[in-house]
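S.K.: I have a structure I would like to understand better, so I am pasting it below and will then ask my questions one at a time.
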Amino acid sequence: MPTFTLKINNKSHTVEADMDTPLLWVLRDQIDLVGTKYGCGIGQCGACNIHVNGNVMRSCLLQVSQAEGMDITTIEGLSENGDHPVQKAWKEVDVPQCGYCQAGQIMTASAFLNNNPSPSELEIRNAMNGNICRCAAYNSIEEAVKVASKKIS
Ligand code: FES
Ligand code: FES
């Protein structure tokens, strides 16, 4: 089986996997980074979102062979102590309900605010549009992105 060296959360990890194994499985099953969730497996829900070279990506759609040489960040690597402004805003607004979608939501919001620290409501809605929440916590999510943007900008 081929071997791949991945840079995840500023650490190097060497894994064995088939070329087309989704990065999501490698993160969860081989590196024990289980904060990244499996929702649909077909790029439709955003539960598996991570940062790749600073951009948000679906880890269920990224093959492990494509991830070599990239700078990968998962929810576990977003901050040392859960104190990223987006994570703080999430706590302040008390966003999570069941919590399942939340890592993906936070990874989307944090990459978005890095590129656009003072977004409009419409921009927030559009940016978060690809992340499904089965608890329908959409109003809280939008509010938390606004709170986070005030902390950042
Ligand atoms: Fe990747 Fe749903 S699990 S988008
Ligand atoms: Fe339950 Fe979003 S908080 S799926």
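Read-outs throughout are calculated quantities, based only on the coordinates presented, and are distinct from any laboratory measurement. Treat the numbers as computed from the prediction; the structure is a model and nothing was measured. Here the Cβ is made from the backbone with ideal geometry for all residues, glycine too, and neighbour counts use every protein chain on show.
S.K.: State, as an integer percentage, the relative contact order of region 43-138 based on alpha-carbon contacts under 8 Å between residues 6 or more apart.
M.R.: 37
S.K.: Quick one: net charge around PRO117, please, counting Lys, Arg +1 and Asp, Glu -1 for every other residue with C-beta under 10 Å from its C-beta.
M.R.: That works out to +2.
S.K.: Okay, next question. When Lys and Arg each count +1 and Asp and Glu each count -1, what net charge do the other residues less than 11 Å away from LEU27, Cβ to Cβ, add up to?
M.R.: Neighbour charge sum, excluding LEU27 itself: -1.
S.K.: Here are some pairs, LYS11/LYS91; LYS37/LYS151; LYS91/LYS150; LYS7/LYS88; LYS11/LYS151; which of them have Cα atoms lying more than 22 Å apart in this structure?
M.R.: Check vs 22 Å cut-off fails for LYS11/LYS91; LYS37/LYS151; LYS7/LYS88; LYS11/LYS151.
S.K.: Ok, one more. Kindly write out, for region 87-94 in residue order, the coupling ³J(HN,Hα) from the Karplus curve 6.51 cos²θ - 1.76 cosθ + 1.60 (θ = phi - 60°), rounded to whole Hz, with x marking Gly and Pro.
M.R.: Values per residue, Gly and Pro as x: 5, 5, 4, 4, 5, 4, 7, 6 Hz.
S.K.: Can you give the calculated 222 nm mean residue ellipticity of the chain, where each DSSP H run of n ≥ 4 adds -39,500 (n - 2.57) and the sum is split over every residue, rounded to the nearest 500 deg cm²/dmol?
M.R.: -9500 deg cm²/dmol
S.K.: For the chain, find the longest principal axis of its Cα atoms and tell me its angle to the long axis of helix 138-152, 0 to 90°, nearest 10.
M.R.: Orientation of helix 138-152: about 90 degrees from the principal axis.
S.K.: Could you please state, rounded to a whole Å, how far the C-alpha centre of region 1-62 is from the C-alpha centre of region 74-153?
M.R.: When both Cα centres are located, 20 Å separates them.
S.K.: On to the next question. Hey, what angle do you get for helix 102-115 against the long axis of the chain, alpha-carbon based, 0 to 90 degrees rounded to 10?
M.R.: In the chain, helix 102-115 runs at an angle near 80 degrees to the longest axis.
S.K.: Let me ask something else. When Lys and Arg each count +1 and Asp and Glu each count -1, what net charge do the other residues less than 9 Å away from GLY82, Cβ to Cβ, add up to?
M.R.: Charge balance near GLY82 sits at 0.
S.K.: Compute the projected area of the convex hull of the Cα atoms of the chain, averaged over all viewing directions, and report it in nm² to one decimal place.
M.R.: 8.3
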